[in-house]
Amino acid sequence: MAKYGMLIDLHKCVGCGGCDLACKTENNTPDGINWASHTVETHGTFPTVKYTHTPTMCNHCEDAPCVRACPTEAMYKDKNGITLHDPSICIGCKSCVLADPYDVISYNEETGFIEWAYDDSTLVKGCTTSKKELSDKTNSPFPSFNVETGKNGYEAIRQKGTVEKCTFCNHRVDEGLLPHCVISCPADARVFGDLDDDTSTITSLLNEFKPEVLKPEKGTKPKVFYIRDYN
């Protein structure tokens, strides 16, 4: 059985944010919720300055504190080592959010995209269309809705009172496809694969370079690795 992980080559990353956008369109994440994001930092004093851009997401930790903290087992590890969430048994207690040292789990204060069901306001009355009109005309919750996200038992749009986070695009992985952020990276900075396969590209790169993980002191054994430097 495969044990999946992702590697990000910071030397190839151009900081374009294409991964963030690809994730949002693939997984129907509403405004204010980003499964894929990034941090930027500037270190030093001019003229000796170093800038870093670090893509972030759920680390799918081997020893995931969010899984241990969930009282209903809504947050769980699947057979491939991916950390997933079952909204149908989530009670919205936010225990996983509090336990998560990486701040990558979001809580839905409202059902995603609910405004598209009732917002009939327009920018220019009698000229532009409203959100509700666009939703009605496309016969979907919102115009760019991706129904594929709703496969494999995960809600395509998450409901009020539940949490959500990166799933490594498990709905794609289960069909033999790569996560959308991986195929959307213009610099091929992301590599996804089986960590137990000695012949996989990700394993080869991990052996060639010295990988790093975020917050190693937490002891969570992340399955998202970083090699080389952004600068």
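A short reminder: the numbers here are calculations on the coordinates, not readings from a lab. Remember, predicted model here, so these are calculated numbers, not experimental data. Neighbour counts run over all protein chains shown; Cβ positions are idealised from the backbone, glycine included.
Have a look at GLY5, CYS61, VAL124 and report the one farthest towards the positive end of the charge dipole of the stretch 1-134, computed about the Cα centre with Cβ charges (Lys/Arg +1, Asp/Glu -1).
GLY5
Taking the Cα centre as origin and putting +1 on Lys and Arg beta-carbons and -1 on Asp and Glu beta-carbons, what dipole magnitude results for the chain, to the nearest 20 debye?
260 debye
With charges set only on the Cβ (+1 for Lys and Arg, -1 for Asp and Glu), what does the dipole of the stretch 1-96 come to about its Cα centre, in debye to the nearest 20?
Rounded to the nearest 20 debye, it is 140 debye.
Filter the chymotrypsin sites (Phe, Trp or Tyr not before Pro) in the stretch 41-135 down to the DSSP loop ones having no more than 14 other Cβ atoms within 10 Å, then list what survives.
Listed in order of number, the matching sites are TYR118.
Write down the percent of antiparallel bridges among all DSSP beta bridges whose residues are both part of the chain, to the nearest 5.
Close to 85 percent.
How many angstrom lie between the Cα centre of the stretch 142-204 and the Cα centre of the stretch 55-95?
15 Å
After finding the eigenvalues of the alpha carbon gyration tensor for the chain, what semi-axes result from the square roots of 5 times each, listed largest first in whole Å?
Semi-axes (√(5λ), whole Å): 32, 23, 18.
What list of ³J(HN,Hα) values in whole Hz, one per residue of the stretch 178-189 in order, does the Karplus curve 6.51 cos²θ - 1.76 cosθ + 1.60 (θ = phi - 60°) give from phi, with Gly and Pro shown as x?
Values per residue, Gly and Pro as x: 8, x, 5, 5, 5, 6, 8, 6, x, 9, 6, 7 Hz.
Which Cys residues of the chain have no other Cys beta carbon under 4.7 Å away?
CYS13, CYS16, CYS23, CYS61, CYS70, CYS90, CYS93, CYS127, CYS169, CYS185
Report, in debye and to the nearest 20, how large the dipole of the stretch 124-184 comes out about its Cα centre when Lys and Arg carry +1 and Asp and Glu carry -1 on their Cβ.
I would put it at about 320 debye.
Can you tell me the orientation of helix 18-27 relative to the chain, as the angle in degrees between its alpha-carbon axis and the longest Cα principal axis, to the nearest 10?
So the inclination is approximately 50 degrees.
Would you calculate a helix-derived [θ] at 222 nm for the chain, using -39,500 (n - 2.57) for each DSSP H run of n ≥ 4 and dividing by the full residue count, to the nearest 500?
Value at 222 nm, helices only, nearest 500: -4500 deg cm²/dmol.
Spelling out what I want: for every residue of the stretch 212-229, take phi, set θ = phi - 60°, compute 6.51 cos²θ - 1.76 cosθ + 1.60 (Karplus), and round to whole Hz; glycine and proline get x.
Karplus values, whole Hz, x for Gly and Pro: 10, 10, 7, 6, x, 5, 6, x, 8, 6, x, 10, 10, 10, 10, 10, 6, 10.
So which lysines pass the test for LYS12, namely a Cα distance under 28 Å, with those fewer than 8 places away in the same chain ruled out?
By straight Cα distance, LYS12 reaches LYS3, LYS24, LYS50, LYS165, LYS210, LYS215, LYS218, LYS221, LYS223.
Rounded to whole Hz and in sequence order, give me ³J(HN,Hα) for the stretch 137-148 from the Karplus expression 6.51 cos²θ - 1.76 cosθ + 1.60, θ = phi - 60°, writing x for Gly and Pro.
With the stated coefficients, the stretch 137-148 comes to 5, 8, 6, 8, x, 7, x, 9, 4, 10, 5, 4 Hz.
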